Amino acid sequence: MIISKKINDLVKKYHENKLSHAFLLVTNDINKCNKDIVELIKEISCPKKYQDACQDCNLCYQIENDVIPNIKKIYPDGQQIKKSQILELKEQFKTKPLYIANNIYIINYAEKLNSAAANTMLKFLEEPENSILGFFVTTNKEAMLETIKSRCQIIYNPYDNENITEILNLTDQQLEEFTEIAKEYLPKLINKTEDGIYLNKKYILSVFTEREQIIKFYNYLYWQISEVINKPNQNDLEILKNIPFAQLLKIQKALFNVLESSLFNVNIELLLDNFALEMEEL
Ligand SMILES: [Zn+2]
């Protein structure tokens, strides 16, 4: 079953012949995202009517077990994705797809494409063939090369997850810091005291100096709030339990919007302004 609604939407677009040829999926969970892409490939390829865990179709079985030569998954070789890996991919995709309608590549940890590999990739992206479908998957969009980003349809695709420190790559100390900051920040956000809508922007800019940290903190808040919404009473952020459910949903939505806009190099002050405005309407 495809967990992500965003990836499910791509299946629909595929059937309507409206699918782009390259996607950048920004996610917090590479594995879940990969599983969803594999399910997508099954859905668009299954000769029978695809159902969850299609058992009676040979093709779905082969896709699941990664033995179809038209599907190529690339992972970093050490710290980088190297040019030789991309050349190999190109070689493999010279032939038309045999078993399924498309040659499909999935490049995991795409921020680790080194510049030689990215350049080789670029020629691929600039002259897209109908038969080739590509997915770049990253947890760190900021580190992606602009040349690749600009040629992909960017999709923000977060999953609900158990382990926040792993997802956001936080040290225990950072987690503690974020928790302390959240305790001070959330009441300000909700009570709208003192100097109104710019308060939350001022506060954030007073505790963080780097854009990346701000985005990380908003990711952390988004995750915490999603946890409370999905699994009430298991959360350690006491303050969230006192916020009415409807309000939590609105904050979650506003945070989602910030995180989504953050993918498009929007100026951080503008992001914070927009967030403040949305919170004002709470
Ligand atoms: Zn099938």
Exercise. Using alpha-carbon positions, what is the distance between the centroids of the stretch 103-133 and the stretch 19-73, in Å?
Worked result: 18 Å
For this session: Specify whether the C-alpha gyration tensor of the stretch 164-280 places it in the rounded, prolate or oblate class, a ≥ b ≥ c being the square roots of the eigenvalues: rounded for a/c under 1.5, otherwise prolate if a/b is larger than b/c and oblate if not.
Result: rounded
Exercise. Amide H neighbours of residue 73 under 5 Å, counting only residues 5+ apart in sequence or on other chains, H built in-plane at 1.01 Å?
Worked result: 106
Seminar exercise, completed: With all protein chains present, the chain has a carbon and sulfur share of its accessible area (1.4 Å probe) in percent of 48 percent
For this session: Please find the FRET efficiency linking residue 177 to residue 122, where r is the Cβ-Cβ separation and R0 is fixed at 45 Å, and quote it to the nearest 0.05.
Result: 0.70
For this session: Give the Debye-formula value of log10 I(q)/I(0) at each listed q (0.10, 0.14, 0.16 Å⁻¹), with one equal scatterer per alpha carbon of the chain, two decimals each.
Result: -0.61, -1.04, -1.23
Exercise. Rounded to the nearest 0.05, what FRET efficiency do residue 90 and residue 146 have when you use their Cβ-Cβ distance and R0 = 25 Å?
Worked result: 0.70
For this session: Can you tell me how much longer the chain between residue 46 and residue 280 gets when fully stretched, taken as 0.36 nm per residue apart minus their C-alpha distance, in nm with one decimal?
Result: 79.4 nm
For this session: Estimate the FRET efficiency between residue 3 and residue 247 by the formula 1/(1 + (r/R0)^6), using the beta-carbon distance for r and 30 Å for R0, to the nearest 0.05.
Result: 0.70
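Gain in length, residue 207 to residue 20, computed as 0.36 nm per residue apart minus the alpha-carbon separation, to one decimal in nm? Spell out each step's value before the answer.
Numbers: separation 187, 0.36 × 187 = 67.32 nm, distance 4.04 nm.
Using 0.36 nm per residue and subtracting the Cα-Cα distance, I get 63.3 nm.
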Seminar exercise, completed: With +1 on the Cβ of every Lys and Arg and -1 on the Cβ of every Asp and Glu, the dipole magnitude of the chain about its Cα centre, in debye rounded to the nearest 20, is 1060 debye
For this session: With a cut-off of at most 14 other beta carbons within 10 Å, and DSSP calling the residue loop, which GluC sites (Glu not before Pro) in the stretch 93-143 qualify? Please list them.
Result: 129
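The values are calculated or read from the model by the stated rules, or taken from the named source; none is laboratory data. Note that this is a predicted model, so its numbers are computed, not measured. Backbone-built Cβ (ideal geometry, glycine too); neighbour counts: all protein chains shown. Side chains included, ligands, DNA and RNA excluded: accessible areas come from the protein's heavy atoms. Shrake-Rupley method; radii C 1.70, N 1.55, O 1.52, S 1.80 Å.
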